[in-house]
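A short worksheet on the structure shown next.
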């Protein structure tokens, strides 16, 4: 019996050494870096920046593969079924936890078949109103909405932070604001600027563009505290304690990806997120750099899933896919 125990321990030591050695040599070939968004948007730009810096740091290409569509499900399915050897990574957003909450017919389990590597950034939305809406602050907007139930509407895109932020605002304020759904947030911009839609919880880069053209008024950001990109703008939480809906991007890997490789990538990404040029670029995109450990990202993802599951259930948000 003792002999068997010794053999088992020896095998474990050999396996551990082999995995550790593989991590030291990693990557030995190009890495597929799946981005769950179409090319050109903020999330894609953040993904490409991370891939570029990983390529420079680790000496092998991290090749971006855009697989947008179906709320991230297409990209997640590919990654979840990939070989777990460290050569497939996936960039996801808040939509990852929303999909896990509302999709019941997936071919994979989002929270178990994809493991956290690093939470890269947090990116709050901005509550904006058309200039014709006679409000100057969040309390003004709440008073107006309560005085005109069912008359104010907000632009959103199903299952995104734009939608979630609006539903949380409606729930916490007890107001009857009407959701106007668009295929993407960008398609809502002309209607918001013209006044056909009164308000939106817009992504930061789009909001800044609209603010500059003078057709909308920014009231607050949706993060728990003020954003680095718009430090003079209050957070909705300053008026509604507990309100928080921030877009975020993070990197996942297929389940069973060797732990030493995950740790190596996480440490490298944490270092990259603190580079002055990276931080400056991210802030210009409306994102606050983070760079977390796998454990920190896992805890964050679990909390997001719990919180958003309750919200989407209360709001009756269903999968469109």
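The values are calculated or read from the model by the stated rules, or taken from the named source; none is laboratory data. Keep in mind it's a predicted model, so treat the numbers as computed, not measured. Neighbour counts are summed over all protein chains in view; Cβ atoms, including those assigned to glycine, are modelled from backbone coordinates with ideal geometry.
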_Can you find a residue that is outside any helix (DSSP H, G or I), farther than 24 Å from residue 43 by Cα, out of contact with any strand residue (DSSP E or B) (no Cβ under 7 Å at 6 or more places or on another chain) and at pLDDT 95 or above anywhere in segment 231-239?_
yes
*Every residue from segment 141-155 that is part of a helix (DSSP H, G or I) and more than 19 Å from residue 192 (Cα to Cα)*: 143, 146, 147
_Filtered residues of segment 104-136 (kept if over 24 Å from residue 203 (Cα atoms) and part of a loop (DSSP other than H, G, I, E, B))_ = 104, 105, 106, 107, 108, 109, 110, 111, 112, 113
*Given (1) surrounded by fewer than 17 Cβ atoms within 10 Å (Cβ to Cβ); (2) free of Cβ contacts under 8 Å to residues at least 24 places away in the same chain, where does residue 296 come up short, assuming only one miss?*
(2)
*Go through (1) modelled with pLDDT under 95; (2) surrounded by 14 or more Cβ atoms within 10 Å (Cβ to Cβ) and name the single condition residue 131 misses.*
(2)
*Name the residues in segment 175-230 that are assigned to a strand (DSSP E or B) and either without any contact (Cβ under 8 Å) to a residue 40 or more places away in the chain or outside the structural domain of residue 142 (by TED's automatic domain parsing) (or both), would you?*
178, 179, 180, 181, 182
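Here is a yes/no grid of residues against (1) assigned to a helix (DSSP H, G or I); (2) modelled with pLDDT of 95 or more; (3) touching a strand residue (DSSP E or B) at 6+ places or on another chain (Cβ under 6 Å):
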position: 247; (1), (2), (3): no, no, yes
position: 253; (1), (2), (3): no, yes, yes
position: 268; (1), (2), (3): yes, yes, no
position: 277; (1), (2), (3): yes, yes, no
position: 299; (1), (2), (3): yes, yes, no
position: 304; (1), (2), (3): yes, no, no
position: 307; (1), (2), (3): yes, no, no
position: 321; (1), (2), (3): no, no, no
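The rows are residues; the columns are (1) without any contact (Cβ under 8 Å) to a residue 40 or more places away in the chain; (2) touching a strand residue (DSSP E or B) at 6+ places or on another chain (Cβ under 8 Å); (3) not assigned by TED's automatic domain parsing to the domain that holds residue 199.
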site: 114; (1), (2), (3): no, yes, yes
site: 118; (1), (2), (3): no, yes, yes
site: 132; (1), (2), (3): no, no, no
site: 135; (1), (2), (3): no, yes, no
site: 139; (1), (2), (3): no, no, no
site: 143; (1), (2), (3): yes, no, no
site: 165; (1), (2), (3): no, yes, no
*Inspect all residues belonging to segment 19-33 and state whether any of them is on the phi > 0 side of the Ramachandran plot and at pLDDT below 95.*
no
